[in-house]
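Inspection log for the structure reproduced underneath, given as structure tokens.
Bear in mind these aren't lab numbers, they're just calculated from the coordinates by the rules spelled out. All values derive from a computational prediction rather than experimental measurement. All Cβ positions, even for glycine, are placed from backbone atoms using ideal geometry, and neighbour counts span all protein chains on display.
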Amino acid sequence: MPPALITATVPHRTRTPENPDRVVPLVPQVVAYLCGQCEVTTEARLHPQAPIPVLWPCRICREGAECTVEADEGVELIGMPAVPKQYQRKDHWTHLSERRTEAELDRLLAARLELLRAGKLHSGPSTA
């Protein structure tokens, strides 16, 4: 998949001071952004004198990808906050305890263990 290109931020040409009729294409600066969610690098082509934003939308998950070079402080991309969101990782137990009490979980575990010991639960691949 090609890198995400935002052409609205790149003027394609400029006029030279020596000859205003002569148009010279500008070479954009290519800035790489690494997404913390899906670990994909997105390249953005910016105007050579444009400030470099700290975050850029990831081309896969659209979350804020962080700049891999030194970015300009306080520069925001429209619709993206200057500081990335910090997601707190949850383990399996945290997800369970958000939905049920510990007493309910103990009852469920006891019932499932009873079924497993009675041979009423599938315990693995069939040997037949």
Separation in nanometres of the label points that stand 7 Å from Cα toward Cβ, at residue 88 and residue 100: 2.3 nm
Expected vector for segment 46-55, Karplus 3J(HN,Hα) from phi with 6.51, -1.76, 1.60 and θ = phi - 60°, integer Hz, x for Gly and Pro, equals 10, 4, x, 9, 6, x, 8, x, 5, 10
Would you mind checking which residues have amide H under 5 Å from residue 55's amide H? H placed 1.01 Å from N; only 5 or more apart, or other chain. 77
If amide hydrogens are placed 1.01 Å from N in the peptide plane, which non-local residues have theirs closer than 5 Å to the one on residue 63? 58
Between residue 109 and residue 62, how high is the FRET efficiency from 1/(1 + (r/R0)^6) when r is the Cβ-Cβ distance and R₀ = 30 Å? Nearest 0.05. 0.15
For segment 57-69, 3J(HN,Hα) per residue [Karplus equation, 6.51 cos²θ - 1.76 cosθ + 1.60, θ = phi - 60°, Hz, x = Gly/Pro]: x, 5, 6, 9, 9, 6, 7, x, 8, 8, 5, 8, 10
